[in-house]
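Take a look at this one; I'll ask things after.
The values are calculated or read from the model by the stated rules, or taken from the named source; none is laboratory data. These numbers were taken from a predicted model, which means no experiment stands behind them. Methodologically, a virtual Cβ is constructed for each residue, glycine included, from the backbone with ideal geometry; neighbour enumeration extends over all protein chains shown.
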């Protein structure tokens, strides 16, 4: 998956309202500080990992009545201020019970407790740098980066305006990753 900046000569900065008015052309978009970006569709391998992760996390969250797990395509409006509008579509979001009020008819309006990005060769640098910086700026407490090539998961915890790696895991041993306890996620199960 790769992303391409889309220039629109009639706009200097996009708002969520501009974004919502885009034609339904089958393309995926995000906005970073008012800049509209087009994104390619995810690969089948990406989607296999996403479905496997979603199944595991959703079962754990439902069993513990911890909140809600949602997957892309889903708008997360981190900011809708002029020239700072930032709308992203993380691969997966977790909203703990305290954040369920962020769910509106149009989007998640605010920072989820956890965002998960599944890295593809075309998006890895972008997701690790630019997109992660937005998550930190808007106070997302936890993020996971799943590397399709390395077959590992990096769990980050927000501290002092940036993410500190709490764990980098792979293989067949069950693990708990923040913010969850008792999860018992087996990293290699995501690739089956």
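I'd like to verify a number: residues in the range 104-130 that are closer than 20 Å to residue 179 by Cα and at pLDDT 95 or above, how many?
The total comes to 10.
Could you check, for the range 156-176, whether at least one of its residues is within 25 Å of residue 65 (Cβ to Cβ) and in a loop (DSSP other than H, G, I, E, B)?
So far as the range 156-176 goes, yes, one or more of its residues are within 25 Å of residue 65 (Cβ to Cβ) and in a loop (DSSP other than H, G, I, E, B).
Only one residue in 100, 53 is surrounded by 22 or more Cβ atoms within 10 Å (Cβ to Cβ), in contact (Cβ under 8 Å) with a residue 24 or more places away in the chain and part of a helix (DSSP H, G or I). Which one?
On the way: 100 fails: surrounded by 22 or more Cβ atoms within 10 Å (Cβ to Cβ).
It is 53.
Another one. Could you say which residue among 127, 75 is without any contact (Cβ under 8 Å) to a residue 24 or more places away in the chain, crowded, with 19+ Cβ neighbours inside 10 Å and under 21 Å from residue 35 (Cβ atoms)? Before you say what the answer is, go through the steps one by one.
Values: 75 fails: without any contact (Cβ under 8 Å) to a residue 24 or more places away in the chain.
Step by step, each of 127, 75 is checked, and only 127 is without any contact (Cβ under 8 Å) to a residue 24 or more places away in the chain, crowded, with 19+ Cβ neighbours inside 10 Å and under 21 Å from residue 35 (Cβ atoms).
If residue 159 satisfies all but one of (1) more than 19 Å from residue 57 (Cβ to Cβ); (2) at pLDDT below 95, what's the number of the condition it fails?
(2)
So, in the range 23-50, how many residues would count as being part of a helix (DSSP H, G or I) and in contact (Cβ under 8 Å) with a residue 12 or more places away in the chain? Walk me through how you get there before you give the answer.
First, pick out the residues of the range 23-50 that are part of a helix (DSSP H, G or I): 44-50.
Still in the running and in contact (Cβ under 8 Å) with a residue 12 or more places away in the chain: 45-46, 48-50.
Of the residues in the range 23-50, 5 are part of a helix (DSSP H, G or I) and in contact (Cβ under 8 Å) with a residue 12 or more places away in the chain.
Within the group 182, 139, 156, which residue is out of contact with any helix residue (DSSP H, G or I) (no Cβ under 6 Å at 6 or more places or on another chain) and in contact (Cβ under 8 Å) with a residue 60 or more places away in the chain?
On the way: 139 fails: in contact (Cβ under 8 Å) with a residue 60 or more places away in the chain; 156 fails: in contact (Cβ under 8 Å) with a residue 60 or more places away in the chain.
When all the criteria are applied, what remains is 182.
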